[in-house]
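Just so it is clear, none of the values below were taken in a lab; they were calculated from the coordinates. Just so you know, these numbers come straight off a predicted model, no measurement behind them. Cβ atoms come from the backbone with ideal geometry, glycine included; neighbour counts cover every protein chain shown.
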Amino acid sequence: MRVLFLGVQYEPEIMALAPFNTQMCQYLQAQGHEVTAVVGFPSYPQWSVQEPYRGRLYAEEDHDGVRVLRVWQYVPARPTMLRRVLFDSTFAVTSVLAALRTPRPDVIVATCSPLQLGASAAVLGALWRRPFLFHLQDLLPESATEIGMMTDRRIVALTQRLADAVYRRATVVSAIGHGILDALRRRGVTEDKLAYLPNWTDLDRFPPGGDGGREWRARHGIPADAFLVMYIGNFGFKQDMSTAVRAAALLVDRPDAHVVLVGGGSDHATVAALAAELDLPNLRLLPVQPVEDLAPMADAADVFVLHQKKQVVDMVVPSKLLTYGAAGKPIVLAGNPSSQGARFVTEAQAGPVVEPESPEALAAAIRELQDDPAARQRYGENARRHVAANFGRDHVLQCLDELVTDAARR
């Protein structure tokens, strides 16, 4: 079966949707399908096209048998709401132009975000008279209005009309969270189109009792006996990592407690400026690390933290929680108790859920876990067990293959 995949991010990017897009394509290729992926040039989270792709309009590559076509898109150095729309929209146009140069597929798979790729898939599906599967990693405009990024009623209404048009034309609409599926039902999407396809993690990358963490600590100058609190992920509006920095300031009376925040994103400069101002001896900010360092970095942590603003009530489980859980470490989540992230941590019994936007609450939870090794071990074991039972890579990707095959038959 010939599959055309549309998605902005792909390897060598290692954050956000890139790992999921890459693994989806590679898995389908391994199942005997002929996969062509139309993707952007790597630019996230730095918001700058990486070398050696800079200045190019088009590139064709082979990634483990997947034919990867990279196309130009506008990449803003400082992403605002309007610039993000242009970022997504230019790719939606150039991806269609590139796709039309490929053989007609049996089925099209497109991922959201961005929503505009659903329109691209609909156009190609109509031209080729082929079915398409629209996979939702995010629900727009709901998620953008939830956190105050999209407030203009006219833009919200326009986005809703575009979304409804895409859903009507899609053969299958899959989503990574039941909250998204419920919202789609309320919007009138028929049950026969809907499918649950969560994100996944590869537990084999995080073997219990690994010793890679010791070497990673030594390489970054972190004492082997330090109590290491870690965040790995995006520094964006949702996360408000400044709260984690202020929580670290409340832990300076514990010289053996170290806080390491790893990642990048649109809010990174603000967080870095605050960290420089406070000049905390127990705080380190590290850039995005090589993908091969993820497992030893996770093994090095004693506790993971995730902070989200109080108005964030995600309809999906933040993907970083799957990594945290697979590593078998306790999780402190500071966020809205109704959020999917909080529900994940609570259902898994993987750690405490505390008040968001409160450095005091976050620091207090960290102190309690530092003082209770038995609780840390119990929470960590619960977290890994929950991820293994619900988000294992092989099981989820087998469901993906079945969904794509079913969509092609329709």
How high is the FRET efficiency from Leu57 to Arg385, r the C-beta distance, R0 45 Å, rounded to 0.05?
-> 0.40
Starting from the Cα gyration tensor of the range 203-390, take the square roots of the eigenvalues, sort them a ≥ b ≥ c, and report rounded, prolate or oblate (rounded when a/c is under 1.5, otherwise prolate if a/b is larger than b/c, else oblate).
-> rounded
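DSSP beta bridges in the range 1-155, what fraction antiparallel, as a percent rounded to 5? Don't skip to the end; give the middle numbers.
Working: 6 of 25 bridges.
Here the share of antiparallel DSSP bridges comes out near 25 percent.
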From the residues Ala269, Asn234, Pro42, which one has its Cα farthest along the dipole of the chain in the positive direction, the dipole being from +1 and -1 charges on Cβ of Lys/Arg and Asp/Glu about the Cα centre?
-> Pro42
Extend 7 Å from the Cα of Glu347 along its Cα-to-C-beta direction; within the range 173-194, residues with backbone N under 11 Å of that point are 177-179
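Can you check what the net charge comes to around Ala59, using other residues whose Cβ is under 15 Å from the Cβ of Ala59 (Lys, Arg +1; Asp, Glu -1)?
Working: positive: Arg54, Arg56, Arg67, Arg70, Arg101; negative: Glu11, Glu13, Glu51, Glu60, Glu61, Asp62.
Residues close to Ala59 contribute a combined charge of -1.
Does the range 334-399 classify as rounded, prolate or oblate by the C-alpha gyration tensor (a ≥ b ≥ c root eigenvalues; a/c under 1.5 gives rounded; else a/b over b/c gives prolate, otherwise oblate)? Spell out each step's value before the answer.
On the way: a/c = 3.53, a/b = 1.60, b/c = 2.21.
Oblate shape, in that a/c is at least 1.5 and b/c is the bigger or equal ratio.
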Charged-residue dipole, Cβ positions (Lys, Arg, Asp, Glu), the chain about Cα centre, Debye nearest 20 = 1540 debye
Checked the chain with the C-alpha gyration tensor, a ≥ b ≥ c its square-rooted eigenvalues, rounded below a/c of 1.5, otherwise prolate if a/b is larger than b/c and oblate if not; verdict prolate
Cut-off 13 Å between beta-carbons: net charge of the residues surrounding Leu369, Lys and Arg +1, Asp and Glu -1 = +1
Note down the nm distance, to one decimal, between modelled labels 7 Å out along Cα→Cβ at Ala165 and at Ala77.
-> 3.4 nm
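At a 10 angstrom cut-off on C-beta neighbours, averaged per residue, how do the peptides 370-381, 18-29 rank from highest to lowest? Provide the component values of the computation, followed by the final result.
Working: 370-381: 15.3, 18-29: 21.8.
Top to bottom by mean Cβ count within 10 Å: 18-29, 370-381.
Please tell me the relative contact order of the range 203-390 in percent, rounded to the nearest whole number, where contacts are Cα pairs under 8 Å and at least six residues apart. The partial results should precede the final answer.
Values: 352 pairs, mean separation 43.8, N = 188.
For the range 203-390, the relative contact order is 23 percent.
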Using a Förster distance of 30 Å, how high is the FRET efficiency between Leu100 and Ala272, based on the Cβ-Cβ distance and rounded to 0.05?
-> 0.10
Hey, what number do you get for the chain at 222 nm if only DSSP H runs of n ≥ 4 count, each worth -39500 (n - 2.57), divided across all residues, to the nearest 500?
-> -13000 deg cm²/dmol
Taking the chain as a Gaussian network, Cα atoms linked when under 10 Å apart, which of Glu11, Glu355, Glu277 shows the biggest mean-square fluctuation?
-> Glu277
With 0.36 nm assigned to each residue of separation and the Cα-Cα distance removed, Gln311 to Asp253 gains 17.8 nm
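Counting DSSP beta bridges with both partners in the chain, what percentage is antiparallel, nearest 5?
Values: 6 of 53 bridges.
So the antiparallel bridges in the chain amount to around 10 percent.
Give, rounded to the nearest 20 debye, the magnitude of the charge dipole that the range 296-410 has about its Cα centre when Lys and Arg contribute +1 at Cβ and Asp and Glu contribute -1 at Cβ. Write down the numbers at each step before the final one.
Details: 13 positive and 15 negative charges, 46 e Å.
That gives a dipole near 220 debye.
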Rank by packing, highest mean first: peptides 82-88, 113-119, 326-332, with packing defined as the count of other Cβ atoms within 10 Å averaged across residues.
-> 326-332, 113-119, 82-88
Rounded to the nearest 0.05, what FRET efficiency do Gln50 and Arg378 have when you use their Cβ-Cβ distance and R0 = 35 Å?
-> 0.25
For Lys310, which lysines qualify as cross-link partners when the Cα separation must be under 18 Å and same-chain residues fewer than eight apart are set aside?
-> Lys238
Cα-projected label distance for Thr190 with Asp371, points at 7 Å along beta-carbon direction, nm = 6.0 nm
Suppose every K and R has +1 on its Cβ and every D and E has -1 on its Cβ; what is the size of the dipole of the range 203-390 about the Cα centre, in Debye to the nearest 20?
-> 360 debye
